[in-house]
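K.L.:
The structure's right below; bear with me while I get my questions together.
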Amino acid sequence: MSINTLKKKFPRKSIPETPFYVSIAGNIGVGKSMITTMIGEVFGWRMFFEPVINNPYLDDYYKDMNRWSFHLQVYFLSKRFEVQKEILDRPGSAIQDRTIYEDVEIFAPTLHRRGCMDNRDYENYREIFRNMAAFLTPPDLIIYLSCQPGTALGRIKQRARNCESDIPLDFLTDLHAAYDDWIERAPALCPVRTIDTEVINLRDDEAAQENLLQLISDLHMEKHQRTTRD
């Protein structure tokens, strides 16, 4: 279903003014950017994407993870903190491609376990996050897109970003295991909806797209009603 058709089914005039903040979580290659774009375009929300273009570390990182993991993770942490601040400082709803929590719960620990980040850098990184944590506001909803590591690798190869051409399957497998662990704990942070993209094709399945958008619309209205009652 086209974005324009979806917009007609979810007209902006029916969207509450109360701000609503959604984050899309998931492994590399799972399809977060596409879903971020769909939700942002349909609801007219500000969209925040992962800083891949013009990232000063990404190419070097994929060539030598041991050398550049700490630098890249600090860069991502800084940029996502900037996004958090912008979301909170400006009125209106927002959709974000990947949460700041994934940096500290998924990527940094995985790189540390793989020996790509030594103990000193890892503890320094976690201290930076602990200092930021008091200023963070969790999303109103995390949508976790899941797929098997082999599927993620196939999608990465299909989108053909040069810097990602040599991502090893075992790295995606380690990230997948970290996501499985984190997603069980994430509901303590905020509501989470898991979508198995092996089963549900959000790119082409019109019913699945409508169901997801309706879920977001319903939760947004529930928040608006709570806010106006208070």
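K.L.:
May I ask you to derive the FRET efficiency for residue 210 and residue 120 from their Cβ-Cβ distance with R0 = 35 Å, giving the value to the nearest 0.05?
P.N.:
E(calc), rounded to 0.05, equals 0.10.
K.L.:
Give a quick list of GluC sites (Glu not before Pro) in segment 176-230 that DSSP marks as loop, anything other than H, G, I, E or B, with at most 16 other Cβ atoms within 10 Å.
P.N.:
198
K.L.:
For segment 108-222, how big is the tail of P(r) above 18 Å, as a whole percent of Cα pairs?
P.N.:
67 percent
K.L.:
What relative contact order, as a whole-number percentage, does segment 7-128 give when Cα pairs under 8 Å and 6 or more residues apart are counted?
P.N.:
Reported relative contact order: 35 percent.
K.L.:
In addition: As a test of the formula, what do you get for the chain when each DSSP H run with n ≥ 4 contributes -39,500 (n - 2.57) and the sum is divided by the residue count, at 222 nm and rounded to the nearest 500 deg cm²/dmol?
P.N.:
When only DSSP H runs of four or more count, the value is -17000 deg cm²/dmol.
K.L.:
Computed FRET efficiency, Cβ-Cβ of residue 200 and residue 41, R0 22 Å: what is it to the nearest 0.05?
P.N.:
The calculated FRET efficiency here is 0.65.
K.L.:
Go ahead and set up a Gaussian network model of the chain, Cα springs under 10 Å, then flag whichever of 84, 214, 96 fluctuates most.
P.N.:
Highest fluctuation of the listed residues: 214.
K.L.:
Another question, then. For a quick check: sort 8, 79, 85 by the number of other beta carbons within 10 angstrom, fewest at the front.
P.N.:
Least crowded to most crowded, the residues run 8, 85, 79.
K.L.:
Please give, to one decimal in nm, the separation of the simple spin-label points placed at residue 64 and residue 222, each 7 Å out from Cα toward the Cβ.
P.N.:
Here the answer is 5.0 nm between the modelled labels.
K.L.:
Also, quick follow-up: Under the definition of Cα pairs under 8 Å and six or more residues apart, what whole-number percent is the relative contact order of the chain?
P.N.:
This gives 30 percent for the chain.
K.L.:
Still on this model: Over segment 20-199, consider all pairs of different Cα atoms and compute the Kirkwood hydrodynamic radius from their mean reciprocal separation; express it in Å, one decimal.
P.N.:
16.7 Å
K.L.:
Could you compute the FRET efficiency for residue 86 and residue 2, with r as their C-beta to C-beta distance and R0 at 30 Å, rounded to 0.05?
P.N.:
0.55
None of the figures in this text is laboratory data; all of them are computed from the coordinates on show. Please read all numbers here as calculations on a predicted model, not as lab measurements. Glycine also receives a Cβ, built like all others from the backbone with ideal geometry; neighbour counts cover every protein chain displayed.
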